[in-house]
1. Is it fair to say L68 is out of contact with any helix residue (DSSP H, G or I) (no Cβ under 7 Å at 6 or more places or on another chain), at pLDDT below 90 and open to solvent by less than 80 Å² (accessible area, probe 1.4 Å)?
2. Just give me the residues in region 14-68 being of a type in the set (D, E) and in contact with a Leu (Cβ under 9 Å, 6 or more places away or on another chain), in sequence order.
3. For region 2-15, how many residues are closer than 15 Å to I52 by Cα, of a type outside the set (A, V, I, L, M) and open to solvent by 100 Å² or more (accessible area, probe 1.4 Å)?
4. Pull out all pairs, ordered by first then second residue, where Cβ-Cβ is under 6 Å, the residues are six or more apart or on different chains, the first lies in region 27-42 and is in contact (Cβ under 8 Å) with a residue 12 or more places away in the chain and open to solvent by less than 70 Å² (accessible area, probe 1.4 Å), and the second is in a loop (DSSP other than H, G, I, E, B) and hydrophobic (A, V, I, L, M, F, W, C).
Amino acid sequence: MSAKQNKSKIKMAVLKLLDEGWSDKALIHKKLQVEYGLSQSEARFACKEAKIDLMLKLKALQSGVVQL
């Protein structure tokens, strides 16, 4: 699996955990470390990327660009 595909898979895992109601960052980081063999800094970075993605989607929804 390429690095780009792996990165996307990890970001989707973060979004899925959030969707399932996970709210503790430390637990999310730990889950990513165990499931994907990431270091703590890699897990934090994956969460930051997911946060940016969510913020962009929220901004688009608020501006009316995207409709549900």
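1. The answer is no for L68.
2. Within region 14-68, E42, D53 meet the criteria.
3. 1
4. Qualifying pairs under 6 Å: I28/W22; L32/L38.
The values are calculated or read from the model by the stated rules, or taken from the named source; none is laboratory data. Note that this is a predicted model, so its numbers are computed, not measured. A quick note on method: Cβ atoms are made from the backbone with ideal geometry, for glycine too, and the neighbour counts reach across all protein chains shown. For accessibility, only protein heavy atoms count, side chains too; no ligands or nucleic acids. Shrake-Rupley method; radii C 1.70, N 1.55, O 1.52, S 1.80 Å.
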